[in-house]
Amino acid sequence: MYRALILGAGLLALAGCQKKPETPTSATGEAPSAAASAPMTGPPRRKAGLWTQTVTTQGMTQTSKICLDEATEAKITVFGQQMNKELCPKNEVTPGVGGWSFASECDMGAAGKITTTGKATGNFNSSYVVKATSVTTGSSMAQANGTHDMEMTGTWEGPCPADMKPGDMLLPGGVKVNLNSMAAMK
């Protein structure tokens, strides 16, 4: 059952970007006013605090809770902005009407080549929805190859509880992992 959650987290990480979208400019070269209805610049970040995330993939649904602060969100954003350019030479996030589109191409070695496309919507202060499709080829794990659709919904629950620190993810069954510690092991 944890496989769906890990797959979902992996898909999000692979849907990353190193490149920030450029700020749109007018014909005079000036940035638009805040009142203009142009898309936001830079990918949105989730609000600090406790988030409930539900990942649905391959007919399985799992819900987890994650405690975020600004530093953790910068490392594990829903767009995976810190993904290594050597692994993922194509990482794009594009603002558009109603949300953000993303696309990546990654070579994960024995785990295969993974191409991911998707869209993220929501205000990222109280809720969001991420829908992604990944195609994996050449994985040494045969079951990983193929097309995988994933949907993740997130809802902000409030401040992190006293028994959770930034990066803590509470998985089904009460298992707690710290994503900051996992990232440090790489």
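Below, the figures for the structure above:
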quantity	calculated
Label-point separation, residue 177 to residue 131 (7 Å along Cα→Cβ), nm	2.7 nm
Rounded accessible area per residue of region 147-186, 1.4 Å, Å²	60 Å²
Spin-label pair residue 115/residue 63, simplified geometry with 7 Å Cα→Cβ offset, distance in nm	3.6 nm
Dipole of region 74-186, positive end: most advanced residue of 162, 88, 150 [Cβ charges, Cα centre]	88
Sum of side-chain charges, residue 170 neighbourhood, beta-carbon under 11 Å (Lys, Arg +1; Asp, Glu -1)	0
Pairwise label distance in nanometres, residue 140 with residue 101, each label 7 Å out on the Cα-Cβ vector	3.6 nm
Share of carbon and sulfur in the accessible heavy-atom surface of region 100-143 [1.4 Å probe, %]	56 percent
Accessible area (Å², per residue) of region 99-139, counting only protein heavy atoms and a probe of 1.4 Å	42 Å²
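The values are calculated or read from the model by the stated rules, or taken from the named source; none is laboratory data. Predicted, not measured: the structure shown is a model, and the values here were computed from it. Because the Cβ atoms are built from the backbone with ideal geometry, glycine has one as well, and the counts that use them run over all protein chains shown. Side chains included, ligands, DNA and RNA excluded: accessible areas come from the protein's heavy atoms. Shrake-Rupley method; radii C 1.70, N 1.55, O 1.52, S 1.80 Å.
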